[in-house]
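No value in this document is a laboratory result; all are computed from the given coordinates. Bear in mind that the values here come from a model prediction, so they are computed numbers and not experimental data. We place every Cβ from the backbone using ideal geometry, glycine too, and count neighbours over all the protein chains shown.
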Amino acid sequence: MHKVMVTGCLGQIGSELVAQLRAQNGVDSVIATDIRRPDHNETVESGPFEVLDVTDYDRMLKIATDYQVDTLIHLAALLSAVAEERPQFAWQLNMTGLVNALEVARELDLKFFTPSSIGAFGPSTPKDNTPQDTIQRPTTMYGVTKVSGELLCDYYHTKYEVDTRGVRFPGLISYKTLPGGGTTDYAVDIYYEALRKGHYESFIKEGTYMDMMYMPDAIGAIIKLMNADPERLIHRNAFNITAMSFEPEQIKAAIQKELPDFEMTYAVDPARQAIADSWPNQIDASCAKAEWDFEPQYDLEAMTKDMLAQLKTRI
Ligand code: SER
């Protein structure tokens, strides 16, 4: 991973991954790309940036060739709730983008990473301690694209020897860039509203457990997996990883420890609740631990302290 091209770099994961890789390896070590070039944006201004629509194969290949990258990290995709509103477009963007990225990786012999998700599981998946290898029959278009993507990445590895690697991310919580259109977004929104209004109205119902992770652990996981010894990797696409599992009442209680006057009520969104209900309560990350030493640092309490401290200076 000396010269990395990142697609979807203005998203929740991309903006932090690009910053960390540039800090570690130098600004020119990352070619950041996204479909738009906003003004006054740190990711755009802190190093090489190119506008790229990931459904445009020729442009993707040209950028990767011109900059002589050795790694492609493909993040551009629609999240679960927006994908459910526009399923045909979600298939087009998530799958065409992925096929193009895999083809560029094959053509140029690049290392490859793309995230899968807890959304790759469905209602018939065991809900507790969800195994690495288990039933995957998701009922959302997001999940359909994620399972298809996992299979396609494994296929490119076995058929073409492309060094594809991936993780199934849980809900990711961060303070730098907001997620857009996900089901787990409530666990990000809640911190903003706690500080702004002292109150949050949750669109996810009490008692709904989902896996979550603080962004520093997510970025650390990508970098660790990409640097892992391939000899140790029994799995590739994609590893279960998680740092914590909680339901809305538990994140509320964690915030109340820091902000005692914080209150939460519910206005459940049936669409996003249905998506959440189809996902696991808590997944088993033991293969990631055994095969590449995945080890998250933040639990709910540590994350809450840091989120609130960081957001206080930003809001
Ligand atoms: N956080 C994502 C979502 O809610 C799951 O991968 O869509």
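For helix 300-314, what angle does its Cα long axis make with the longest principal axis of the chain, in degrees from 0 to 90 and rounded to 10?
That works out to roughly 80 degrees.
What length, rounded to one decimal in nm, is gained on full extension from K312 through to N129, with 0.36 nm per residue of separation minus their alpha-carbon distance?
Values: separation 183, 0.36 × 183 = 65.88 nm, distance 3.49 nm.
Going from the current span to full extension adds 62.4 nm.
Taking the 0 to 90 degree range and rounding to the nearest ten, how far is the long axis of helix 215-227 tilted relative to the main principal axis of the chain, both from C-alpha atoms?
It works out to around 30 degrees.
Calculate the spin-label point distance for T96 paired with A290, positioning each point 7 Å from the Cα along the beta-carbon direction, and give it in nanometres.
So the two model labels end up 4.1 nm from each other.
What number does segment 175-235 give for Rg over Rh if you use C-alpha atoms and the Kirkwood radius?
1.13
Mean separation of Cα pairs under 8 Å and 6+ residues apart, divided by the residue count of segment 12-127: what relative contact order is that in percent?
With pairs under 8 Å counted, the relative contact order is 22 percent.
For the chain, what Kirkwood radius comes out of the mean inverse Cα-Cα distance, in Å?
19.7 Å
Regarding segment 212-315, what are the three Cα extents along the principal axes, ordered largest first, in Å?
So the extents along the principal axes, rounded to whole Å, are 52, 34, 20.
Let me know the charge dipole size of the chain about its Cα centre in debye, to the nearest 20, where only the beta-carbon of Lys, Arg (+1) and Asp, Glu (-1) is charged.
Details: 29 positive and 46 negative charges, 34 e Å.
With Lys and Arg at +1 and Asp and Glu at -1, about 160 debye.
May I ask you to compute the full-extension gain from V82 to D269, defined as 0.36 nm times their residue separation minus their alpha-carbon distance, rounded to one decimal in nm?
66.0 nm
Give the longest segment of the chain that steers clear of GluC sites (Glu not before Pro) in DSSP loops with at most 14 neighbouring Cβ atoms within 10 Å, not counting the sites themselves.
My reading of the result: 1-160 is the longest stretch.
Identify all lysines with a Cα-Cα distance to K305 below 26 Å; exclude those on the same chain that are fewer than 8 residues away in sequence.
Within reach: K176, K197, K205, K224, K252, K257, K289.
Segment 1-42 to segment 208-275: how many Å between their Cα centroids?
So the separation of the two Cα centres works out to 23 Å.
Once you've got the GNM for the chain with C-alpha springs shorter than 10 Å, pick whichever of V162, V268, V104 has the biggest mean-square fluctuation.
V268
Restricting the count to DSSP beta bridges whose residues both fall in the chain, what percent are antiparallel, rounded to a multiple of 5?
10 percent
Mind listing the phi-derived Karplus ³J(HN,Hα) values for segment 41-54, rounded to whole Hz, using 6.51, -1.76 and 1.60 with θ = phi - 60°, and x for any glycine or proline?
In residue order, the calculated couplings are 10, 4, 5, 5, 8, 8, x, x, 9, 10, 6, 8, 8, 5 Hz.
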